[in-house]
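K.L.:
This is the structure I want to talk about, given as structure tokens.
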Amino acid sequence: MRPRLTLKQYTTGILAADRHILSRAITLVESQLPTDKQLAQELIKALMPHTGRAFRIAISGAPGVGKSTFLETLGSTIVQQEHKLAILAVDPSSSRSGGSILGDKSRMPLLAQHPQVYIRPSPTTGILGGVAEHTREAMLLCEAAGYAYICIETVGVGQSETMVQQMTDLFLLLMMPGAGDELQGIKRGILEMTDLLVINKADGPGSQAASAAQQFRMALKYLPTPASGIAPPVFTCSALERTGITEIWQYILHFQKQIIENGFLERQRKNQNLDWMHHQIQNELLGLFYKNKDIQDLLHNLEPQIAQGQLWPGEAVQRLIDRFKNQE
Ligand SMILES: Nc1nc2c(ncn2[C@@H]2O[C@H](COP(=O)(O)OP(=O)(O)O)[C@@H](O)[C@H]2O)c(=O)[nH]1
Ligand SMILES: [Mg+2]
């Protein structure tokens with residue numbers, strides 16, 4: 001493994017927007033080693049006052065709807081306005097298949113070379129929750145390095161969505177025409193947290209994008225108004241042909257302005273910090289519990305009894321918890 005830098009080297013490097021040091025710092029926060037974790041905590045703490053100024057956008061959708069291509073196109077618009085942009089990927093499927101570095105970057109040939117853009121592919125190791133957790137820390141590091149817009153690309157299924165939603169300001173759901181929402185793996189819960197729905201691939205002869213958009217407008221009408229107070233609109237675009245993107249970018253700017261003015265941005269971020277703390281408490285406590293030698297031994301004894309129906313699970317839990325508490 002490469003030698004670590006000192007805390008001072010990481011902080012000054014990041015504050016000076018040194019991309020190389022930023023990458024090494026993200027590797028540090030993704031590390032599972034206890035010494036790295038300690039240093040990572042100190043680093044985040046030192047940089048905390050320099051975070052929070054970016055606007056955070058989640059780009060979600062089923063594999064293949066065109067998230068990376070869309071980001072390449074939207075990102076070009078963002079950097080044309082002289083904004084610095086960071087793109088982070090949370091894709092548990094790509095971490096299983098061994099890394100998405102080539103995948104993500106080859107879909108974004110222009111951005112991958114742009115000096116104002118930083119792209120970080122999915123971590124190649126780690127459990128699902130862990131991936132999203134490190135993404136939050138990576139995002140904070142990017143903010144400290146001065147990136148004004150952070151886009152997080154995430155696969156539109158399951159738990160990672162909720163975690164990403166809990167660290168961003170705007171949740172953009174990307175869909176494509178011609179496939180029902182079940183086919184695209186989108187659950188109602190995901191529609192409920194969507195701030196902006198975009199039907200991509202509105203190109204080619206006989207495109208169904210307009211009618212798909214119409215259907216989604218109807219479906220969204222039946223959902224409760226989101227906490228931001230702003231009902232989600234539906235746009236169509238072609239990431240490939242670069243049409244419809246300017247309107248989407250204008251809407252994102254409009255949304256950003258609105259939630260700053262109506263106080264939602266600040267309120268939501270406070271809640272997100274609280275959620276993050278509780279989430280970490282749960283993780284840490286579970287870790288302490290399952291790594292405990294006594295607990296492991298007792299579990300080993302109890303599990304066969306549970307399996308054979310000799311012991312009721314509730315009773316086993318009580319014994320485990322009692323044992324754990326008596327250790328303190
Ligand atoms: N026709 C058409 N194809 C697109 C569009 N956007 C992406 N694609 C194609 O869809 C496929 C998946 O794109 P990708 O960006 O990797 O999707 P992701 O898995 O959601 O990140 C690729 O073959 C793209 O070229 C679009 O607007 N129109
Ligand atoms: Mg992708």
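Any read-out appearing in this document is the output of simple, stated calculations on the displayed coordinates, not a laboratory observation. Note that this is a predicted model, so its numbers are computed, not measured. No Cβ is skipped: glycine too gets one built from the backbone with ideal geometry, and neighbour counts run over all protein chains shown.
K.L.:
Considering the dipole of the chain built from charges on the beta carbon (Lys and Arg +1, Asp and Glu -1) around the Cα centre, which of 69, 43, 305 is farthest to its positive end?
P.N.:
It is 43.
K.L.:
How long, wide and thick is the stretch 3-87, going by the Cα atoms along their three principal axes, in whole angstroms, largest first?
P.N.:
For the stretch 3-87, the Cα spread along each principal axis is 40, 29, 22 Å.
K.L.:
Using 24 Å as the Cα-Cα cut-off, could you pick out the over-long pairs in 67/270; 8/37; 37/293; 270/291; 293/325?
P.N.:
67/270; 270/291
K.L.:
Another question, if that's okay. Can you give the convex hull volume of the alpha carbon atoms of the chain per residue, in Å³?
P.N.:
Here the figure is 176 Å³ per residue.
K.L.:
I need the Kirkwood Rh of the stretch 1-50: take the reciprocal of the average 1/r across all distinct C-alpha pairs and report it in angstrom.
P.N.:
10.8 Å
K.L.:
For the stretch 208-251, place one equal point scatterer on every Cα, skip the solvent, and apply the Debye formula. What is log10 of I(q)/I(0) at q = 0.20 Å⁻¹?
P.N.:
The calculated log intensity ratios at q = 0.20 Å⁻¹ are -0.75.
K.L.:
What is the helix-to-structure angle for 67-80, meaning the angle in degrees between its Cα long axis and the longest Cα principal axis of the chain, kept from 0 to 90 and rounded to the nearest 10?
P.N.:
For 67-80 against the chain, the angle is about 60 degrees.
K.L.:
Can you give the angle from 0 to 90° between the axis of helix 34-47 and the longest principal axis of the chain, with both taken from C-alpha atoms, to the nearest 10?
P.N.:
50 degrees
K.L.:
Using +1 on the beta carbon of Lys and Arg, -1 on that of Asp and Glu, and nothing else charged, what's the dipole of the chain about the Cα centre, debye to 20?
P.N.:
Using Cβ point charges on Lys, Arg, Asp and Glu, the chain gives about 500 debye.
K.L.:
Sticking to Cα atoms, compute the Rg of the stretch 277-325 to one decimal and its Dmax as the biggest Cα-Cα distance, whole number, in Å.
P.N.:
12.1, 38
K.L.:
State, to one decimal in nm², a quarter of the convex hull surface area for the C-alpha atoms of the stretch 202-299, i.e. the direction-averaged projected area.
P.N.:
Convex hull of Cα atoms, orientation-averaged projection: 11.1 nm².
K.L.:
For n ≥ 4 DSSP H runs only, could you compute -39500 (n - 2.57) per run for the chain, divide by its residues and tell me the 222 nm figure to the nearest 500?
P.N.:
My calculation for the chain gives -17000 deg cm²/dmol from helical runs alone.
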